[in-house]
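Working notes, structure below.
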Amino acid sequence: MLSGEFHTSYRADMAIYETARARRVLAAFLVVLFVLPFFGSPYWLDVLNRAAIAVIAATGLNILTGFTGQISLGNAAFLAIGAYSTAYLAARGVPFALVIPAAGIVTALAGMVFGVPSLRLKGLYLAMATLAAHFIVEFLVTHWESVTGGVNGTSVPAPSVFGLPLANDRMLAFLILPACIAHLWFAKNLFRTRVGKAFVAIRDQDISAEVMGVEVFRFKLLAFGVSSFYVGVAGSLLAYQARIISPENFPLLVAIDQLGMIIIGGLGSILGSILGAVFWTFLNEGLRLMVSALSGQFPGLVQQFAPLRLGVFGLIVILFLVFEPDGLAAIWRRIRNWFRLYPFSY
Amino acid sequence: MHSIRTALFVLCAAAAAGAQEIKVGGIFDLTGITSDVGKPFAQGVRDGVQWTNENGGINGKKIRLVDVDYGYKIPEAVAAYKRMVGDDKVIMINGWGTGDTEGLKAQVNQDKIPYLSASFSGHLTDPSKTPYNFFVAPSYSDQLRAWLQWVKDDWKDKSRNPKVAFFYGDNAYGKAPIEAGRRYCKDIGVDLVDEEIVPGAFQDATSQLLNMKQKGADYAYINVTTTGVSTILRDAKKLGLATKFGSNPYGFSEALPQVAKEAAEGVTGVMPHVPFGENVPGMKRLMDFHQKNHPQDTHDALYVRGWSYVLVWTEALKRADKAKALTGEGVKAALETFKDFDLGGLTEPVTYTSSDHRPSTKTPIYQIKSGKLTKVREVEMPRKPEWLGL
């Protein structure tokens, strides 16, 4: 019984895991997570991998939008840059251990270029500028055929470890899950440093941040860089998982989806990016399974069920926003506090 | 969550009930940008499967169609594919779009899953590259060649070549036949004066049409789906253009004159599958099924197309079953025994060989005359080896 928590030092106050129990729960969760790939069916492993990739991308977007307050609609474009750099390098025999960080760096550079307008633009205007970035990249990947393969797309060789190809989702899970955890760990710690605090200061009030000595433009660009690095890595893993990528993999809807994930999960929260991305991915799949099952039962109504899935999805999102605008992370916090403070919750 | 579990339970129970079932995957677009034509096609496939099951199945075995709506999104098609092949263990798949089919072709080959796409992309016809891809129509490229041939013959002014424009989307489906079309224009002496790109979903094509007008195109081939074709036709009528329009088989069916109204008058289109209710022997079972199950519904050539697919692959399943080879490889081998397989006029007779997956090269061309689809011509293309895979 914890009945609350009481810090006696600043060190304890800064700790990521506020209690030893939290650390044990996390350790147990990680063990389960790494055992899962041994038992999951190919389909569920595919969903798991896609969820983990979405977590990385959503965390990247959250760093930019949730923590630094720069709205971005360019995430699909940054995913595409990461994925196409991966395809380009991997096809030339570069091992994946170099390809993935390289894809991240290329995307980070692109992200910083497209982040330059953030010097002058804020809010919706910046959203428009990043939207422009989306269309520029979309045009490039469609027409720069020698590199991207144009509309027919390009294939990506499977990543291999000592000559052993990671050809299926089971093996890829052991690449994607650690990558996901490493990025989360970095992001979580980023916001305990001066740089992370500068990001948050810019979000809260950019003028006062400047007055306090934060070089706003530099840190805005850095936020674009870090965020795009995450998204680039996600794009790279996506390319390795999908094995063939074409411009149709990166429609604008992907960027909207990812904004949805961090809004549902919780803006400005690492946990929120995880919960949002996982919830979004699994809700989509769950509804699809339900529709498939129902159409087996009522074959005549199947034409009505298919669009219904999208409607239900939208409805759930709206209900979430109305009843819990702070997202899943807030719900999680309430549940956790209930256990932590039990039985003396007041 | 509870309802998902119930749903899963129902699925498992259904799977356990029929051990003598043959599972076939279906990847359809019911909600995406091609759902205008995806829905009737999917219904045709479903009805075809139901009809087959009610009429003896596959030598007594029932077919179970494991289908999914992928909303014309490639990642969703890949996910659906993994689920069908990995979990449901389907023997083959009846798929849909060009982008997703071309995206899956390496995977399909690796898993040895025969994949009958509703995409007629010429890139899928060369078995040395795509041994497990099939479709049931002349390729998009042969269809465009056929239409260009019609243009050449329709053009009466011998002092100059006819001028042609192409309208297409900047995606795998839109671009599939374009390169073949460009080359064929040169071959037969048609001047390709303009190529206009249209977005995936659009409400207005005026600027593209004005561009085309400036280039002076006499004819234009529209390579998008019905909704897009009718938008272009409507805007062309508004601008009073004299250009004669033609359409690919996903833009041209009974639905076109209904949507585009009088703007569709005189438009030509390639129709590899006959309109619903056409007086051909193969139509009888469709009409009987329609009378019995949903006499109030209206259907079109896309619905007939769905049926034709089922008739082809159920025949392949029967042949594979007789040969005691009900596996992906067995079905592929069975498909490659097809020699002028007759579908009672629903589409041209189907032939596949292990070196050529072009089911036929004969393209019927229809024209809308006072709101009715009327066949004006049939153009057969030679099976040139250099056109394989283009």
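Against the definition (outside any helix (DSSP H, G or I) and either in contact with a Lys or Arg (Cβ under 8 Å, 6 or more places away or on another chain) or within 14 Å of another protein chain (Cβ to nearest Cβ) (or both)), how does B:Thr130 come out, yes or no? First the steps, then the outcome.
On the way: outside any helix (DSSP H, G or I): yes; either in contact with a Lys or Arg (Cβ under 8 Å, 6 or more places away or on another chain) or within 14 Å of another protein chain (Cβ to nearest Cβ) (or both): yes.
Spelling it out, B:Thr130 is indeed outside any helix (DSSP H, G or I) and either in contact with a Lys or Arg (Cβ under 8 Å, 6 or more places away or on another chain) or within 14 Å of another protein chain (Cβ to nearest Cβ) (or both).
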Only listed residue being of a type in the set (A, V, I, L, M) and not in a helix (DSSP H, G or I), chosen from B:Val151, B:Val136: B:Val136
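I'd like the full set of residues that are without any contact (Cβ under 8 Å) to a residue 60 or more places away in the chain and either in contact with a Leu (Cβ under 8 Å, 6 or more places away or on another chain) or closer than 21 Å to B:Glu54 by Cβ (or both), limited to the range B:291-300. Spell out how you get there, then give the answer.
Taking the range B:291-300 first, the residues without any contact (Cβ under 8 Å) to a residue 60 or more places away in the chain are B:291-292, B:294-298.
Correct list: B:Gln291, B:Lys292, B:His294, B:Pro295, B:Gln296, B:Asp297.
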Enumeration of residues in the range A:204-245 that are closer than 14 Å to A:Ser85 by Cβ and open to solvent by 20 Å² or more (accessible area, probe 1.4 Å): A:Phe229, A:Leu238
Subset of the range A:141-191 [within 12 Å of A:Leu237 (Cβ to Cβ) and not in a helix (DSSP H, G or I)]: A:Val156, A:Pro159, A:Leu166
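Count, please, the residues in the range B:350-373 that happen to be open to solvent by less than 50 Å² (accessible area, probe 1.4 Å) and either part of a loop (DSSP other than H, G, I, E, B) or hydrophobic (A, V, I, L, M, F, W, C) (or both). Let's see the steps before the verdict.
Of all residues in the range B:350-373, those open to solvent by less than 50 Å² (accessible area, probe 1.4 Å) come to B:350-352, B:356-361, B:363-368, B:371, B:373.
This time we only want the ones that are either part of a loop (DSSP other than H, G, I, E, B) or hydrophobic (A, V, I, L, M, F, W, C) (or both), so: B:350-352, B:357-361, B:365, B:368, B:371, B:373.
Going through the range B:350-373 one residue at a time, the tally reaches 12.
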Test: residue in the range A:280-301 that is modelled with pLDDT under 80, assigned to a loop (DSSP other than H, G, I, E, B) and within 14 Å of chain B (Cβ to nearest Cβ): yes
Near pairs, Cβ below 7 angstrom, 6+ apart or cross-chain, from the range B:349-376 (free of Cβ contacts under 8 Å to residues at least 60 places away in the same chain and over 18 Å from B:Leu302 (Cβ atoms)) to any residue that is open to solvent by 50 Å² or more (accessible area, probe 1.4 Å) and assigned to a loop (DSSP other than H, G, I, E, B): B:Pro349/B:Asp340; B:Pro349/B:Asp342; B:Thr351/B:Lys339; B:Thr351/B:Asp340
Residues of the range B:311-333 satisfying the condition of being open to solvent by 10 Å² or more (accessible area, probe 1.4 Å) and either more than 17 Å from B:Val108 (Cα to Cα) or touching a Leu at 6+ places or on another chain (Cβ under 8 Å) (or both): B:Leu311, B:Glu315, B:Lys318, B:Arg319, B:Asp321, B:Lys322, B:Ala323, B:Lys324, B:Ala325, B:Leu326
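Do the conditions hold for B:Lys375, that is, is it within 29 Å of B:Ile113 (Cβ to Cβ), out of contact with any Leu (no Cβ under 8 Å at 6 or more places or on another chain) and not hydrophobic (A, V, I, L, M, F, W, C)?
Values: within 29 Å of B:Ile113 (Cβ to Cβ): no; out of contact with any Leu (no Cβ under 8 Å at 6 or more places or on another chain): yes; not hydrophobic (A, V, I, L, M, F, W, C): yes.
In short, no.
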Residues (open to solvent by less than 40 Å² (accessible area, probe 1.4 Å) and within 8 Å of chain A (Cβ to nearest Cβ)) located in the range B:81-99: B:Lys82, B:Arg83, B:Val85, B:Gly86, B:Gly99
Qualifying positions in the range A:163-182 - open to solvent by 30 Å² or more (accessible area, probe 1.4 Å) and under 14 Å from the mean Cα position of the chain (by Cα): A:Ile181, A:Ala182
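Being crowded, with 24+ Cβ neighbours inside 10 Å and either more than 24 Å from A:Thr142 (Cα to Cα) or charged (D, E, K, R) (or both) is the requirement here; does A:Gly74 meet it?
No, not satisfied.
Here's the yes/no breakdown for (1) under 21 Å from the mean Cα position of the chain (by Cα); (2) under 26 Å from A:Asp169 (Cβ atoms); (3) at pLDDT below 90; (4) not acidic (Asp, Glu):
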residue: A:Leu190; (1), (2), (3), (4): yes, no, no, yes
residue: A:Gly213; (1), (2), (3), (4): no, no, yes, yes
residue: A:Phe224; (1), (2), (3), (4): yes, no, no, yes
residue: A:Tyr230; (1), (2), (3), (4): yes, yes, no, yes
residue: A:Gly235; (1), (2), (3), (4): yes, yes, no, yes
residue: A:Tyr240; (1), (2), (3), (4): yes, yes, no, yes
residue: A:Ser246; (1), (2), (3), (4): yes, yes, yes, yes
residue: A:Pro251; (1), (2), (3), (4): yes, yes, yes, yes
residue: A:Val254; (1), (2), (3), (4): yes, yes, yes, yes
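Considering only the range A:41-51, state which residues are open to solvent by 10 Å² or more (accessible area, probe 1.4 Å) and either more than 20 Å from B:Val85 (Cα to Cα) or at the interface with chain B (Cβ under 10 Å from one of its Cβ atoms) (or both). Can you show your working first?
Kept after step one, since they are open to solvent by 10 Å² or more (accessible area, probe 1.4 Å), are these residues of the range A:41-51: A:41-42, A:44, A:48, A:50.
Result: A:Ser41, A:Pro42, A:Trp44, A:Arg50.
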When residues of the range B:108-124 are limited to those that are in contact (Cβ under 8 Å) with a residue 60 or more places away in the chain, in contact with a strand residue (DSSP E or B) (Cβ under 7 Å, 6 or more places away or on another chain) and part of a loop (DSSP other than H, G, I, E, B), the one surrounded by the most Cβ atoms within 10 Å (Cβ to Cβ): B:Pro114
Selection within the range B:31-77 - in contact with a strand residue (DSSP E or B) (Cβ under 6 Å, 6 or more places away or on another chain), within 10 Å of another protein chain (Cβ to nearest Cβ) and without any contact (Cβ under 8 Å) to a residue 40 or more places away in the chain: none
Residues of the range B:60-80 that turn out to be among the aromatic types (Phe, Trp, Tyr) and either surrounded by fewer than 24 Cβ atoms within 10 Å (Cβ to Cβ) or modelled with pLDDT under 85 (or both), as a count: 0
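Against the condition in contact (Cβ under 8 Å) with a residue 60 or more places away in the chain and either assigned by TED's automatic domain parsing to the domain that holds A:Tyr84 or within 30 Å of B:Gly169 (Cα to Cα) (or both), how does A:Leu140 come out, does it pass?
In short, no.
Would a scan of the range B:78-87 turn up a residue that is in contact (Cβ under 8 Å) with a residue 40 or more places away in the chain and of a type in the set (Asp, Glu)?
Quick first cut of the range B:78-87, residues in contact (Cβ under 8 Å) with a residue 40 or more places away in the chain only: B:80-81, B:84-85.
Narrowing further to those that are of a type in the set (Asp, Glu): none.
No - not one qualifying residue is present in the range B:78-87.
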Within the range B:102-112, considering residues that are farther than 17 Å from A:Ala239 by Cα and within 13 Å of another protein chain (Cβ to nearest Cβ), the one nearest to the chain's Cα centre (by Cα): B:Val108
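Just wondering, is there one or more residues in the range A:79-101 that are farther than 26 Å from B:Lys82 by Cβ, assigned to a helix (DSSP H, G or I), open to solvent by 10 Å² or more (accessible area, probe 1.4 Å) and in contact (Cβ under 8 Å) with a residue 40 or more places away in the chain? Steps first, answer last, please.
Kept after step one, since they are farther than 26 Å from B:Lys82 by Cβ, are these residues of the range A:79-101: A:92-94, A:98, A:101.
Filter once more, keeping what is assigned to a helix (DSSP H, G or I): A:98, A:101.
Next cut, open to solvent by 10 Å² or more (accessible area, probe 1.4 Å) only: A:98, A:101.
In the following step, the residues that additionally are in contact (Cβ under 8 Å) with a residue 40 or more places away in the chain were identified as A:101.
Yes, the range A:79-101 has at least one match.
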Answer from B:Trp307, B:Trp387 - the residue that is of a type in the set (Phe, Trp, Tyr) and farther than 19 Å from B:Tyr115 by Cα: B:Trp387
Number of positions in the range A:133-162 that are more than 11 Å from chain B (Cβ to nearest Cβ) and open to solvent by less than 50 Å² (accessible area, probe 1.4 Å): 6
Some residue of the range B:177-190 being in contact with a helix residue (DSSP H, G or I) (Cβ under 6 Å, 6 or more places away or on another chain), closer than 28 Å to A:Leu252 by Cα and in contact (Cβ under 8 Å) with a residue 24 or more places away in the chain: yes
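Given the options B:Lys175, B:Lys152, name the one that is more than 18 Å from the chain's Cα centre (by Cα), basic (Lys, Arg) and at negative phi. It would help to see each step written out before you state the result.
Numbers: B:Lys175 fails: more than 18 Å from the chain's Cα centre (by Cα).
Every option except B:Lys152 fails the conditions.
The values are calculated or read from the model by the stated rules, or taken from the named source; none is laboratory data. Treat the numbers as computed from the prediction; the structure is a model and nothing was measured. Glycine gets a Cβ as well: all are built from the backbone with ideal geometry, and neighbour counts include every protein chain shown. Surface accessibility is based on the protein's heavy atoms, side chains included, excluding ligands, DNA and RNA. Shrake-Rupley method; radii C 1.70, N 1.55, O 1.52, S 1.80 Å.
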